[in-house]
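The values are calculated or read from the model by the stated rules, or taken from the named source; none is laboratory data. Predicted, not measured: the structure shown is a model, and the values here were computed from it. No Cβ is skipped: glycine too gets one built from the backbone with ideal geometry, and neighbour counts run over all protein chains shown. When the accessible area is computed, the model is the full protein with side chains, heavy atoms only, and any ligands, DNA or RNA have been set aside. Shrake-Rupley method; radii C 1.70, N 1.55, O 1.52, S 1.80 Å.
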Amino acid sequence: PFQIASPAPAFRCKISLDKQKQFPYSPAHRKQYLNQSTNHRKRCLYPNGAAMGFDLSEFIQSNRSLITKEWADRLHTEVGKQYSQRPLEELLGTVTEAFDANTQVLLHNDFSHINLFINKITRMRLEAGFLLSDVQKAFELYRTIVLPLLARATNVRDFHHEVSKINYCLAYTLHRFSDYLFWATGLLTIVSGLHYMRHWFRMMGEGPIHD
């Protein structure tokens, strides 16, 4: 009932094997024939020199410096006036921390580091008056930078698999950031209200209210 679409022409590969063909009697010749067929199939599955058996951990470690540097540079030049006014060294430190936290999610499904980082960066940016949209763009830059590098290092199947993990990591980060920001804003509102009530009671002559 279901039809599977044929692969794109760029990745279509045929191996002509005569089913009636008899292998040479020599075991060495037979092994060589099988290896040639297997290698031909691998070249079809992994075009453009993409590595076979993609290792995300190795990819992340080998590109760590490149990604964090570009992330900090683009954050400093592309994402709002407030980010452009921050020292580049500070931005490099925060994006490196974010990169390492994302790595823990992608490799070990460990969200403890990203939770701590979100709490830290939200307080830092909230106190400095940063726009919510600019902080979200700062998180999104990770995906913008990583995906082109990932596309050049993987085959189609591995690329889609790793992208799904990155998308999930970023979705979690943005939702957690929004929830924490909502909680922090609500807490500030309550504290401000309490200060206002204390001031009002004092004005009404009821005496000081102890904290």
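Can you give me the distance in nm between label points at residue 174 and residue 143, each placed 7 Å from the Cα along the Cα-to-Cβ direction?
0.5 nm
If the cut-off is 13 Å between C-alpha atoms, which aspartates and glutamates fall inside it for residue 165, apart from same-chain ones fewer than 8 positions away?
110
Keeping every protein chain in place, order 157, 125 by accessible area at 1.4 Å, biggest value first, i.e. largest first. Write out the running numbers ahead of the final one.
Details: 157 165, 125 10 Å².
Output order, biggest surface exposure first: 157, 125.
Using θ = phi - 60° and the Karplus relation 6.51 cos²θ - 1.76 cosθ + 1.60, list the HN-Hα couplings for the range 146-162 in order, rounded to whole Hz, with x at every Gly or Pro.
For the range 146-162, the Karplus curve yields 6, 4, x, 5, 5, 4, 7, 9, 10, 8, 4, 5, 5, 4, 5, 5, 6 Hz.
So what does residue 166 come to for accessible area, using a 1.4 Å probe and Å² rounded to 10?
Probe radius 1.4 Å; accessible area of residue 166 about 10 Å².
Projected onto the charge dipole of the range 45-150 (+1 at Lys/Arg Cβ, -1 at Asp/Glu Cβ, origin at the Cα centre), which of 105, 145, 126 gives the Cα projection farthest towards the positive end?
126
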